[in-house]
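The values are calculated or read from the model by the stated rules, or taken from the named source; none is laboratory data. Just so we're clear, the structure is a prediction, and the values are computed from it rather than from any experiment. All Cβ positions, glycine included, derive from the backbone under ideal geometry; neighbour counts span all protein chains shown.
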């Protein structure tokens, strides 16, 4: 899948002021990664895809690391810098950073590489990591937003309507090809619950988590097609008194050789 990086930067910059209120799941994922950092680890830490900086705040409390944070969206960096002004921020694509080889003792990336070419992102992570560095990342897998995919299919639309997420087997193979060691991957589905159709779609927009494919269709297929799409969710709400939205959470821990 080819990604429209200018679109990604815009959608996350637009969501910068609403992201924190909508990102409970992403923060829970960050906590899992933070808890997995070895206690003896210290030195330089890089946060790839830092967003609005909630994980950086938690990491800064340890005072063990000299930290650099990278994000593609300037709006996200602006808010993160307000929270942790002592950290070095760089606005760039995490697939290709200006950091030198063998730079980081810890590479941390929470809910970010799904907006990248996975192979390029992992290659860059391997490049900037020192020997025996710890890699901790989370991302989303192919069952993410399965309810939205099924709603489009229910009205007979098989087009590419949502972002395409990577599967953990591909991530495993890519890490092995990069000669990473002690690779551990966990996958679990988590559901967010909404009590109205508007709240569900607003929640997605507030996260900036819209389709980032350069092949995405511009807009919806007319008001009638969108009405049919929305009616599927209204029917599910009427049947269940709530709406579920699945996030296929993938957690990766590894070390460089």
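Yes or no, residue by residue, for (1) part of a strand (DSSP E or B); (2) under 18 Å from the mean Cα position of the chain (by Cα):
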{"site": "98", "(1), (2)": "no, no"}
{"site": "120", "(1), (2)": "no, yes"}
{"site": "130", "(1), (2)": "yes, no"}
{"site": "138", "(1), (2)": "yes, yes"}
{"site": "142", "(1), (2)": "no, yes"}
{"site": "173", "(1), (2)": "no, no"}
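Whether any residue in the stretch 37-48 is within 16 Å of the chain's Cα centre (by Cα) and without any contact (Cβ under 8 Å) to a residue 60 or more places away in the chain is what I want to check. Even if it seems obvious, please write down each step before you answer.
Within the stretch 37-48, the subset within 16 Å of the chain's Cα centre (by Cα) is 46-48.
Cutting the leftovers down to without any contact (Cβ under 8 Å) to a residue 60 or more places away in the chain gives us none.
Taking every residue of the stretch 37-48 in turn, none turns out to be within 16 Å of the chain's Cα centre (by Cα) and without any contact (Cβ under 8 Å) to a residue 60 or more places away in the chain.
Restricting to the stretch 1-36, name every residue that is in contact with a strand residue (DSSP E or B) (Cβ under 6 Å, 6 or more places away or on another chain) and either assigned to a strand (DSSP E or B) or over 12 Å from residue 111 (Cβ atoms) (or both).
Those that are in contact with a strand residue (DSSP E or B) (Cβ under 6 Å, 6 or more places away or on another chain) and either assigned to a strand (DSSP E or B) or over 12 Å from residue 111 (Cβ atoms) (or both): 1, 36.
Out of all the residues in the stretch 87-98, which are surrounded by fewer than 21 Cβ atoms within 10 Å (Cβ to Cβ) and touching a strand residue (DSSP E or B) at 6+ places or on another chain (Cβ under 7 Å)?
88, 90, 91, 92, 97, 98
Take the residues in the stretch 149-187 that are touching a strand residue (DSSP E or B) at 6+ places or on another chain (Cβ under 7 Å), crowded, with 18+ Cβ neighbours inside 10 Å and within 30 Å of residue 234 (Cβ to Cβ); name whichever of them is modelled with the highest pLDDT.
Per the stated criteria, the residue is 165.
Could you check how many residues of the stretch 37-68 are assigned to a strand (DSSP E or B) and either crowded, with 17+ Cβ neighbours inside 10 Å or at negative phi (or both)?
Result for the stretch 37-68: 9.
Is it the case that residue 77 is in a helix (DSSP H, G or I) and closer than 20 Å to residue 115 by Cβ?
Yes: the conditions hold for residue 77.
State the number of residues belonging to the stretch 100-118 that are assigned to a loop (DSSP other than H, G, I, E, B), touching a residue at least 40 places away in the same chain (Cβ under 8 Å), in contact with a helix residue (DSSP H, G or I) (Cβ under 7 Å, 6 or more places away or on another chain) and surrounded by fewer than 21 Cβ atoms within 10 Å (Cβ to Cβ). Show your work before the answer.
Of the stretch 100-118, the ones assigned to a loop (DSSP other than H, G, I, E, B) are 100-103, 111-112, 116-117.
Among the residues that remain, those that are also touching a residue at least 40 places away in the same chain (Cβ under 8 Å) are: 103, 111-112, 116-117.
From what is left, the residues that are in contact with a helix residue (DSSP H, G or I) (Cβ under 7 Å, 6 or more places away or on another chain) are 103, 111.
Cutting the leftovers down to surrounded by fewer than 21 Cβ atoms within 10 Å (Cβ to Cβ) gives us 103.
Summing the residues that are assigned to a loop (DSSP other than H, G, I, E, B), touching a residue at least 40 places away in the same chain (Cβ under 8 Å), in contact with a helix residue (DSSP H, G or I) (Cβ under 7 Å, 6 or more places away or on another chain) and surrounded by fewer than 21 Cβ atoms within 10 Å (Cβ to Cβ) in the stretch 100-118 gives 1.
Just name the residue that is modelled with the lowest pLDDT out of those in the stretch 192-239 that are assigned to a strand (DSSP E or B) and surrounded by 13 or more Cβ atoms within 10 Å (Cβ to Cβ).
Across the stretch 192-239, the extreme among qualifying residues is 213.
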